[in-house]
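Down below is the structure, laid out as structure tokens.
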Amino acid sequence: HLAWTLITVHSTGFSAVMNESISPVSRRGTFPRLLIAADHASTLEPLLCTFQDDRIDVDFDLCTSQTNALQKLTARPYQLIIASAHLAEINDFFLLRRSQSSESFVPFVVTAGTSEKQAAARALAQGAFDLIFTPFDHEQTVSTIRLALWSGQLRKLIASKERMVEKCRQHLTDYPGDRIQVGAFLSDALSAFERTMCAVDQSLLRVEES
């Protein structure tokens, strides 16, 4: 039972995260899904054109109010939220704080025009991942979206390691006689984690160079 529990944490925590990040995907619901929130969806038409770039394969939902955004977040998981500075700031950055409080921690990117620079700066101070200023620069937007998605995957990977270590610690508290078995498994699992992190570093370099 111990081995199965730990291997399950290991395989779903490391391998699954990496497969989700770098494997080829199809249009059958396997692309990362973005939630895009703006006061008027028409103002984000240039941003939506960015998604035609072959370097980012994503699906997305649009909403034009904080209430609608929260309903969508409750209904399904998202890998990235992109919101206008105005919507992000409503109710003391409630939407941003909601994204940070979720178990998976969804990266949050803010779009801002010239008149919204102060609101955008406040969003960064509250923990937003990055800003995209309008008019949208295509290359900057593509780069920001790709790095934000990678940021979410990295957080998943690190969180899975922490859960695995905690499970091992708890098991040793309950069954101290398993110390050698658990120690050997944990050593192998942490080595696998380090190899995965090296692969992530290389992938991030390719993202930044492309």
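The values are calculated or read from the model by the stated rules, or taken from the named source; none is laboratory data. Keep in mind the model is a prediction, meaning the values are calculated, not measured. So basically every Cβ, Gly included, is an ideal-geometry build from the backbone, and we count neighbours across all protein chains shown. Just the protein is used for accessible areas: all its heavy atoms, side chains included, with ligands, DNA and RNA removed. Shrake-Rupley method; radii C 1.70, N 1.55, O 1.52, S 1.80 Å.
Grab the other residues whose beta carbon is less than 13 angstrom from that of A75, score K and R as +1, D and E as -1, and report the net.
+2
I'd like to know how region 81-210 sits against the 2.2 N^0.38 Å rule of thumb: what's its Cα Rg over that expected value?
Ratio of Cα Rg to 2.2 N^0.38 Å: 1.39.
Could you derive backbone 3J(HN,Hα) for region 156-167 from the dihedral phi with the Karplus parameters 6.51, -1.76 and 1.60 (θ = phi - 60°), listing whole Hz in sequence and x where the residue is Gly or Pro?
Values, residue by residue: 4, 4, 5, 5, 5, 5, 5, 5, 5, 4, 5, 4 Hz.
Not counting ligands, DNA or RNA, and with a 1.4 Å probe, what is M197's accessible surface area in Å² rounded to the nearest 10?
Roll a 1.4 Å probe over it and M197 shows about 40 Å².
Apply 1/(1 + (r/R0)^6) to the Cβ-Cβ distance of A125 and E194, taking R0 = 35 Å, and write down the FRET efficiency to the nearest 0.05.
0.60
How large is ³J(HN,Hα), in whole Hz, for each residue of region 187-192 in order, when computed from phi with the Karplus curve 6.51 cos²θ - 1.76 cosθ + 1.60 and θ = phi - 60°, using x for Gly and Pro?
For region 187-192, the Karplus curve yields 4, 5, 5, 5, 5, 5 Hz.
Can you give the FRET efficiency for R76 and A184, using 1/(1 + (r/R0)^6), R0 = 45 Å, r = Cβ-Cβ distance, to the nearest 0.05?
0.70
Quick one: order C63, C49 from most to least accessible surface, probe 1.4 Å.
C49, C63
Using the Karplus equation 6.51 cos²θ - 1.76 cosθ + 1.60 (θ = phi - 60°), what ³J(HN,Hα) coupling, rounded to whole Hz, does each residue of region 119-128 give in order, writing x for Gly and Pro?
Values, residue by residue: 5, 5, 5, 5, 5, 4, 5, 7, x, 4 Hz.
Quick one: which residues, 5 or more positions from T111 or on another chain, have an amide H under 5 Å from its amide H? H modelled 1.01 Å from N in the peptide plane, none for Pro or chain starts.
Here the answer is A83, S84, A85, I132, since their amide H atoms fall under 5 Å of that of T111.
Tell me the GluC sites (Glu not before Pro) within region 87-195 that lie in a loop according to DSSP and have at most 11 other beta-carbon atoms within 10 Å.
Here the GluC sites (Glu not before Pro) that fit, given the DSSP loop and packing criteria, are E103.
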